[in-house]
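S.K.: Supplied in C-alpha cells, the structure appears directly below.
Every number in this text was worked out from the coordinates using simple rules, so none of it is lab data. Predicted model, so just to flag it, every value in this text is computed and none were measured. Methodologically, a virtual Cβ is constructed for each residue, glycine included, from the backbone with ideal geometry; neighbour enumeration extends over all protein chains shown.
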Amino acid sequence: MANDTPLPAAPSPASDSIRVMLVDDSAVVRGLVTRLLEAEQGIQIAASVGNGQMALSALERNEIDVVILDIEMPIMDGMTALPKLLQIDPGLKIIMQSTLTLKGADISLRALEMGAADYIPKPTATKDLAGGADFKAELVGKIRALGQARRRDPRRPARPGGPPVARAAVASPARVAIHQPGPLQLRTQPAELPDIIAIGSSTGGPQALFSVLGAMRAGTVSQPIVITQHMPATFTTILGEHISRVSGWEAREGQDGEVIRGGRVYIAPGDFHMVIEAKGADKVLRLNKNPPENFCRPAVDPMLRSIAAAYGKRVLA
C-alpha cells in the first residue's frame, strides 16, 4: 500500500524538525494523525507504516526521533516490535498508543517498563481522533518534549546524507588539570529528615517512577510517598500495581479521607486533584474535582501547596 512506505526525505528547511514515524495497521488513523501533525511547525512525518515489521525496515533506512506505536497490529504487534526498535536505536523515543481500558493500560505500562518513553490513550471513535483538540494537544506536547530530549541524546545517529552529529570534544590527557580536593568535612549533626516525599511527573513520568522507586526499594525509606502523575483514571489504577511489582512498595491510588501512613506510596487518581490536610495529629488525603491547573487534573501544584501547609519545611519534593 502507498501509505505503508517511508515518505521521501524532507527538504532542507525541515532538516531540524522532529521526525516522527507512525505505526498503525489502520490507514485511516495514520492519515488523520498525519494531518494533525503536518499542521504543526517543527514536526515532520518521516515514515508511516502498517505494522511492526515494516517499522523495523523503515527505521533502518530513515532517521527517526519519535515513534507513535500502536499495540494491536497484524504480522508484528507493538509489544513485539518495541524491543527490536530499541535494539536498532537505543535512544529512540517511543510513544505507545492504546485504548482506555484496563487491558490497554496494563499493556502500555508494561511497555514503559520495557523502554517505551510514554503512552497516549487512543480515541475510541475516528471522529474524536479527527476533531479532538485534547488528543492533538496531548500528542503534540509529548512529541515536542520527547523530540527535544532525543536531540540532546548523544546516541542519536546522524541524518542520512547529512553531516555527522557533533560530539563533545575530549581534552588530551596531558592538558587535563586534576584538582585534588581537600579533606572531607563531615556534618557534626545529622541532616533533618523529611516527613514526606512528594513527586510530580508528566511526559515520560511513569518510566522515571519505575526507575526511581525501583532503585529506592521498599523498606529502605520510612516516609510516605505521594505522587501526582497526569494520566487517565484507568491508567492510575494500573500504575500502582506496576510500581508495586518493580519496587516492592505498597502503591495504590489514594482514597478520600485516608490517613497517610509511612512506607506507602499514594497516587493521585485520574481526573482528581489529590491534596493533604492536617487533622489533629494525622495527615489525611483529600480528593477534589476543582478546575484543572495548567490544563491538568490531577495537577501537582495543588498537592504541593497542601503539603507545604500541612508539613511546613520537612518535605522532600
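S.K.: Taking the Cα centre of segment 196-316 as the origin, how large is its charge dipole in debye, to the nearest 20, when only Lys and Arg (+1) and Asp and Glu (-1) carry charge on their Cβ atoms? The partial results should precede the final answer.
M.R.: Working: 13 positive and 10 negative charges, 64 e Å.
It works out to roughly 300 debye.
S.K.: Quick check: the distance between the Cα centres of segment 279-317 and segment 31-109, to the nearest angstrom?
M.R.: 36 Å
S.K.: Which net charge results for the neighbourhood of A317, defined as the other residues with beta-carbon distances under 13 angstrom from its beta-carbon, given Lys and Arg at +1 and Asp and Glu at -1?
M.R.: Working: positive: R305, K313, R314; negative: D195, D301.
Once all neighbours under 13 Å are counted, the net charge is +1.
S.K.: Now for a different question. Can you classify segment 196-316 as rounded, prolate or oblate using the Cα gyration tensor, where a ≥ b ≥ c are the square roots of its eigenvalues, rounded means a/c under 1.5, and otherwise it's prolate if a/b beats b/c and oblate if not? Numbers along the way, then the final one.
M.R.: Details: a/c = 1.59, a/b = 1.08, b/c = 1.47.
Here segment 196-316 falls in the oblate category.
S.K.: Among G270, T234, A281, whose Cα lies farthest out toward the positive end of the dipole of segment 196-316, if unit charges sit on the beta carbon of Lys, Arg (+1) and Asp, Glu (-1)?
M.R.: A281
S.K.: Cut-off is 10 Å between beta-carbons; in what order do I107, I75 appear when sorted fewest neighbours first?
M.R.: Working: I107 20, I75 12.
Final ranking by Cβ density, sparse to dense: I75, I107.
S.K.: Provide D256, D195 in ascending order of the number of other Cβ atoms located within 10 Å of each residue's Cβ, fewest first.
M.R.: Working: D256 12, D195 19.
With the fewest neighbours first, D256, D195 line up as D256, D195.
S.K.: For segment 196-316, give the share of DSSP beta bridges that are antiparallel, in percent and rounded to the nearest 5; count only bridges with both residues there. Please report the intermediate quantities before stating the final value.
M.R.: Values: 9 of 23 bridges.
Percentage antiparallel, nearest 5: 40.
S.K.: How would K136, K283, K93 line up from fewest to most surrounding beta-carbon atoms within 10 angstrom? Don't skip to the end; give the middle numbers.
M.R.: Values: K136 17, K283 21, K93 24.
So the residues, fewest neighbours to most, are K136, K283, K93.
S.K.: Using the Cβ atoms and a cut-off under 12 Å, what net charge is assigned to the surroundings of M96, where Lys and Arg are +1 and Asp and Glu are -1?
M.R.: Details: positive: K93, R110, K122, K142; negative: D24, D70, E72, D77, D106, E113, D118.
After counting each charged neighbour, the total is -3.
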